[in-house]
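In what follows, a structure is listed as structure tokens, so that the remarks can point back to it.
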């Protein structure tokens, strides 16, 4: 594939990650950001060459990618097209209907603008958090508009593939409904739980009891509050619908618990727990499709530099692929427990490798 010349407008986490992914394959990338220091940091990381002013960048790229919150896409697109910086335009905002409506109302050239959204990210933000492999194997939604030229859609599809992502076409309204369910509402649920930890009902002594479960539930709550406020506001109706359904489930459970009827006489709690387990089972595996069954092997490791590297090296030498890892570590103790998820057929080899390396294990 011949890599397009790409102008990244917005050198944050996603924009810089796109730039790094393209640069890794030798692509020509230019960078623009309202904050010159942000653009320069991305450039210093090897993401591309800074363009100080889009008015001086006419025809500089084949594709301009707008990496900015939904509320700014239409004005950013209008300015970029006014400056004629590229032949084709796309964006990475996590909401698609509102930016497209605003771009249409602003008189933008929609023949050349193909909305997109990579389903990848981190709880960290800014160019320093960017990774060239952020999109590898991840879904990248493309939401072509009726006005789009087929050549523009093909060009943006090629860009997505060049980043290592899997392009999936879906209309904008359906996209917004789906991401409300799988991304936006889950973020707010995580935030709501994390918010309980900031008040007087969560003393420091209680938080010392926190285990991996709490960390899993609240991890994404560390995302940029300003960005997420803009995202959920731009997709308000679908997000509100999902949140109301979650709130109804929790309210019913709270009533059952408060009445003391959550045991033999009322299966409200048990039913919700069963539905939750069934829902988790439907989440695709890391390569898509039905998630495979893994066996968890618990390995006791010393809390010292290089121990995890030695563990991974031993597993690799035994031709065992570690599908997932979770680490439990109690503060103040000199050891922790690494929970390694592997395919059942590889358990015996992993146990032998751990035993040879001197690690206590438990299956």
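The values are calculated or read from the model by the stated rules, or taken from the named source; none is laboratory data. Just so we're clear, the structure is a prediction, and the values are computed from it rather than from any experiment. Don't worry about glycine lacking a Cβ; one is built from the backbone with ideal geometry, like all the others, and counts go over all protein chains shown.
Here residue 76 does not qualify as within 21 Å of residue 231 (Cα to Cα), surrounded by 18 or more Cβ atoms within 10 Å (Cβ to Cβ) and modelled with pLDDT under 95. Answer yes if at least one residue in segment 331-351 is within 29 Å of residue 165 (Cβ to Cβ), more than 27 Å from the chain's Cα centre (by Cα) and modelled with pLDDT of 85 or more, and no otherwise. Yes, there is a match, as at least one residue in segment 331-351 is within 29 Å of residue 165 (Cβ to Cβ), more than 27 Å from the chain's Cα centre (by Cα) and modelled with pLDDT of 85 or more.
Scanning segment 165-182 for residues that are touching a residue at least 40 places away in the same chain (Cβ under 8 Å) and under 11 Å from residue 95 (Cα atoms) turns up 172, 173, 175, 176, 177, 179, 180.
For segment 231-262, taking the residues that are without any contact (Cβ under 8 Å) to a residue 40 or more places away in the chain and outside any helix (DSSP H, G or I), the one that is nearest to residue 172 (Cα to Cα) is identified as 262.
Among the criteria (1) touching a residue at least 40 places away in the same chain (Cβ under 8 Å); (2) more than 15 Å from residue 141 (Cβ to Cβ); (3) crowded, with 19+ Cβ neighbours inside 10 Å, the one residue 100 does not fulfil is (2). Exactly one residue among 121, 137 is part of a loop (DSSP other than H, G, I, E, B), surrounded by 16 or more Cβ atoms within 10 Å (Cβ to Cβ) and modelled with pLDDT under 95, and that residue is 121. For segment 292-322, a tally of residues being closer than 12 Å to residue 343 by Cβ and at pLDDT below 85 returns 3.
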